[in-house]
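The values are calculated or read from the model by the stated rules, or taken from the named source; none is laboratory data. On a predicted model such as this, the values are computed, not experimentally measured, just so you know. Cβ: placed from backbone, ideal geometry, glycine included. Neighbour counts: every protein chain shown. The area values use the complete protein model at the heavy-atom level, side chains included, leaving out ligands, DNA and RNA. Shrake-Rupley method; radii C 1.70, N 1.55, O 1.52, S 1.80 Å.
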Amino acid sequence: MDFGKAYRAFLDQSKTERECAAETIRRAEAAGYRNLNDVEALHAGDRVYVNTMGKAVQLYIIGKAPLEEGINIIGAHIDSPRMDLKQNPLYEDTDLAYLDTHYYGGIKKYQWVTLPLALHGVVAKKDGTIIPIVIGEDEADPVIGISDLLIHLSQQQLDKKGSVVIEGEDLDVIVGGKPLKDAEKEPVKTAILAILNEKYGIEEEDFLSAEIEVVPAGKSRDFGLDRSMILGYGHDDRVCAFAQIEAMLNIAQTPDVTCCCLLADKEEIGSVGATGMRAHYFENAMAEILDKCGVYSELKLRRALSNSRMLSCDVSAGYDPSYASVFEKRNAAYLGRGVCFNKYTGSRGKSGSNDANAEYVGKLRAIMDDNKICFQTAELGKVDVGGGGTIAYICALYGMNVIDSGVAVLSMHAPWEIISKADLYEAFKAYHAFLLHA
């Protein structure tokens, strides 16, 4: 229960990948981690972090063993499904002001209407000034939202397929309805611009260089009358990220093997871009660490990567009795039964999958049992129904052993998701044991 309470506080401070990265670095620095760029030489026991564009973070504890023998890695992603503002988002239509959005990741679009929503992000001014934006989280803040059609006029709408009941271009957020006195054109839009300028000093053209995300407004909550679960935005995949961070920060001794906590961006859209796992910032960081340990060579870098062991820590679909037909009960993840291992993900015939080898799974079973950790194995739905991907197959390209491991989630990719506190705590224990014993 205490661990769940700490996670809720983390989740409420980390509604975007930028906020999650900043909170991770804050916690790491408080625990004695230093920026790798500020360190000239590394020795066993040193703790450093790498910040990639404020959206991806790596934490390292240098171990006693040579790096070329491999390191123990726990990796998660810190982006979540949401809506992003377009670069020219603000407009007025029939006495209402709107922000035009482009959804990010896989969502059921109809789930995002008639909810209180908030704005989180940054505006980058031409002079290089970065202005953080958070509107809708403080109790004194207004919220925004997307309207839906009243049931009395919805006959045609309700005849549509679920995928098009609400379409992408209809996810426009209402942000105002009060005209600015004496404004000659678009008085409501002009009034919104005046509010933004007064509060943040930004102008309409500043949206061109802004990254502002639309997310559910409000804090995470204990879920269930027994408080056994947590309802929150972004469990996928910040629940695994938090368990990872805590696992790293709870290693007091100098480990035998170097430990790494890897937090990546852009997984929900294919791990692309400079902060996605397909980029080379992890490999580059490893090269820097080898160099600052005084042992760098291209061959040792390749050996270090291929000899490493990794848990790709991502959530799994929790078995939901209300939708039992899409699950295969003998191979499903259940809330409250512990951390979940997915030997393979992908879809249909394991397409796009990382398929961990049996020897590696056997070693992990021993670690879990030796440390009295509750775990389960699962697939993401029935063979011809389910499917999904993680960062596992990308890291496996280095030749290292990788398997997916995470927490079961109900209502995955919905604005509000559900996890079990017991599973969260077992994930923390599993990641801590893996880092020290893999």
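Residues that are in contact with an Asp or Glu (Cβ under 7 Å, 6 or more places away or on another chain) and either within 18 Å of Ser271 (Cβ to Cβ) or of a type in the set (Gly, Ala, Ser) (or both) within region 343-353 comprise Tyr344, Thr345, listed in sequence order.
If you filter region 1-39 down to residues that are in contact with a helix residue (DSSP H, G or I) (Cβ under 7 Å, 6 or more places away or on another chain) and charged (D, E, K, R), you find that the one that is surrounded by the fewest Cβ atoms within 10 Å (Cβ to Cβ) is Arg27.
Within region 412-430, the set of residues being out of contact with any Leu (no Cβ under 9 Å at 6 or more places or on another chain) and either of a type outside the set (A, V, I, L, M, F, W, C) or closer than 18 Å to Pro321 by Cβ (or both) comprises Met412, His413, Ala414, Lys421, Tyr425, Glu426, Lys429. If the condition is being assigned to a helix (DSSP H, G or I), touching a strand residue (DSSP E or B) at 6+ places or on another chain (Cβ under 6 Å) and under 15 Å from Val257 (Cβ atoms), then region 25-68 contributes no residue at all.
Could you tell me which residue of region 121-147 is farthest from Ser14 (Cα to Cα), considering only residues that are of a type in the set (A, V, I, L, M) and open to solvent by 50 Å² or more (accessible area, probe 1.4 Å)? Out of the qualifying residues, it is Ala140. Go through Leu290, Leu249 for me and flag whichever is open to solvent by 40 Å² or more (accessible area, probe 1.4 Å), at pLDDT 95 or above and closer than 22 Å to His43 by Cα. Exactly one residue qualifies, and that residue is Leu249. When Ile391 is tested against (1) modelled with pLDDT under 95; (2) closer than 18 Å to Cys261 by Cβ; (3) out of contact with any Asp or Glu (no Cβ under 8 Å at 6 or more places or on another chain), only condition (3) is not met. Only one entry of Lys109, Lys199 meets the criterion of being within 31 Å of the chain's Cα centre (by Cα), open to solvent by 90 Å² or more (accessible area, probe 1.4 Å) and not aromatic (Phe, Trp, Tyr), and that entry is Lys199. For Val272, the stated conditions do not hold, so it cannot be described as surrounded by 20 or more Cβ atoms within 10 Å (Cβ to Cβ), of a type in the set (Val, Ile, Thr) and over 19 Å from Val407 (Cβ atoms).
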